[in-house]
Structure formats: structure tokens, C-alpha cells
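J.: This structure is in C-alpha cells; I'll ask about it shortly.
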Amino acid sequence: MQTAFHLAHEVQRLSRASLPSDTAELARYLIGKTIVRKTGRNRISGRIVETEAYPPGDPSGHAYHGRTARNQSLFLDRGFAYVYFIYGTSYMLNVTAEEPGVGAGVLLRAIEPLDGINLMRRLRETDKLTDLARGPGRLAAALEIDQRLDGVDLCANGPLWLGTAVRETAHISSTVRIGITREVDRLLRFFEAGSPFVSGPLNERVF
């Protein structure tokens, strides 16, 4: 199996102006882009291959009942990190969407590992490349994401940022979201068709 390795200078940070201001459009736009994590002298990165959109007013979204101490980062301008802890075991990394004061976000569900694969293997305690960051909890663990990164500007120089694509993206497919009980019919999950790094049913990865 081949993965796309790159030199650090090939990935440029995305500007906030380049990010679509519509949540679903942002979720699609982020497919193929790069997420970069800097921790100490280490650099971990991956191609984003799967996302889910949680637009304004979505009853499945964390912003549905308004701003709280837990979700306040979700109401920042687009392009910030919203990190939360779930099931008592996993962190989830989201990219804020829309305008300041409007709660909406894009959940990063899976990445194709690029930089720091050996460190990812240690963090995830597995050698299987396709399982390192396939699913949002695994993704956060592989990138060493925790609550300290909540509210980080993903368009600025820092410990976590969004970057340009390292290669052309294959066909992008959309399906219903995974693991929700409300608004279940909306096609707001996006993924790179044919990618073995995508989570969910195997038969969905080739559409």
C-alpha cells in the first residue's frame, strides 16, 4: 500500500479566507487537505479523508441548545479547533464553521497518515497503518489531541493547523452520518472514495 509522503515546505497553512463559510461546503472542502500536529520536535500529519458536517440548527450538533462552557469554542469564527471528550475514552477534533457567534462545525473522522507514522503507531499501540486514524477517536489519539487544543486557531502557526493538499483528491462521495439518532437522512458525511483509511462500512469506501 502506498501513502503520499511530502516535505514540510510543500504544505502551506490554509487561510481563513480560503475556508467556505457554509458548514457542508467546508466539510467537503477539507477532504484531501492536511492536518498538521506539532508536539515538541515531532511533526505528525495526515490527509483528511473523511468528515461530517453539523450545520447551524442541527439537533445532532453540540450547538443546538446554545452556548455553554463546554462548547464555547464551537461559536468562534470558522477555522478553529473544537475538541471534546466523549464516552469517557476518546477526544474528538472538529473544525469550526460559519461566522463568529454561529455554532456549527465539521468533525474530522479519518486521515491518511503522512508524517510521524512511527509516533502514531506508539500513540495508538498498533502497527496496522489503515487503523492508525480511521475513526474520530483514533484520529485524535494518533495526533495526540486533547482538551488543551480546544480553541486553537487552525489557520495560524501553532501546535495544530490545517494545510493544503499534498496531491490531487480522488472522487468525493457523501452519505448519511454515522452514530446519530436525529437528522439521520441528511447526506452530510463526506469521504474520499476508494480510500482504505476511511471509517464505516467497507462497501461505502468505493462509491
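J.: Write down the radius of gyration of the stretch 1-141 and its Dmax, each obtained from C-alpha positions, in Å.
T.: Radius of gyration, then largest Cα-Cα span, for the stretch 1-141: 15.2, 44 Å.
J.: Residue by residue through the stretch 35-49, which ³J(HN,Hα) values in whole Hz follow from phi under the Karplus form 6.51 cos²θ - 1.76 cosθ + 1.60 (θ = phi - 60°), with glycine and proline marked x?
T.: 10, 10, 10, 10, 9, x, 8, 8, 10, 10, 8, x, 7, 6, 10
J.: Can you pull the percent of Cα pairs in the stretch 131-207 with separation above 19 Å?
T.: Numbers: 1529 of 2926 pairs.
Every Cα pair in the stretch 131-207 considered, those over 19 Å come to 52 percent.
J.: Per residue of the stretch 191-200, what does 6.51 cos²θ - 1.76 cosθ + 1.60 with θ = phi - 60° give for ³J(HN,Hα)? Whole Hz please, x for Gly and Pro, Karplus curve as stated.
T.: So the Karplus estimates, Gly and Pro as x, are 7, 7, 4, x, 6, x, 8, 6, 8, x Hz.
J.: For the chain, what does -39500 (n - 2.57) per DSSP helix run (n ≥ 4), summed and divided by total residues, give at 222 nm, in deg cm²/dmol to the nearest 500?
T.: -2500 deg cm²/dmol
J.: Leaving out ligands and nucleic acids, and using a 1.4 Å probe, what accessible area per residue does the stretch 59-196 come to in Å²?
T.: Working: 6070 Å² over 138 residues.
For the stretch 59-196, the solvent-accessible area averages 44 Å² per residue.
J.: Can I ask one more? For the chain, what relative contact order do you get, as a whole percent, if you take Cα pairs closer than 8 Å and at least 6 residues apart? Please report the intermediate quantities before stating the final value.
T.: Numbers: 511 pairs, mean separation 55.0, N = 207.
Answer for the chain is 27 percent.
J.: Which one, T89, L30, N118, projects farthest toward the positive side of the charge dipole computed for the chain from Cβ point charges (K/R +1, D/E -1)?
T.: About the Cα centre, the residue reaching furthest to the positive side is N118.
J.: Provide Rg and Dmax in Å for the stretch 82-173, with only Cα atoms included in the calculation.
T.: According to the Cα coordinates of the stretch 82-173, Rg and Dmax are 13.9, 42 Å.
The values are calculated or read from the model by the stated rules, or taken from the named source; none is laboratory data. This one's a predicted model, so the numbers in the text were calculated from it and none came from an experiment. Counting neighbours? That spans all protein chains shown, and the Cβs are built from the backbone with ideal geometry, glycine included. SASA here: full protein model, heavy atoms, side chains in, ligands and nucleic acids out. Shrake-Rupley method; radii C 1.70, N 1.55, O 1.52, S 1.80 Å.
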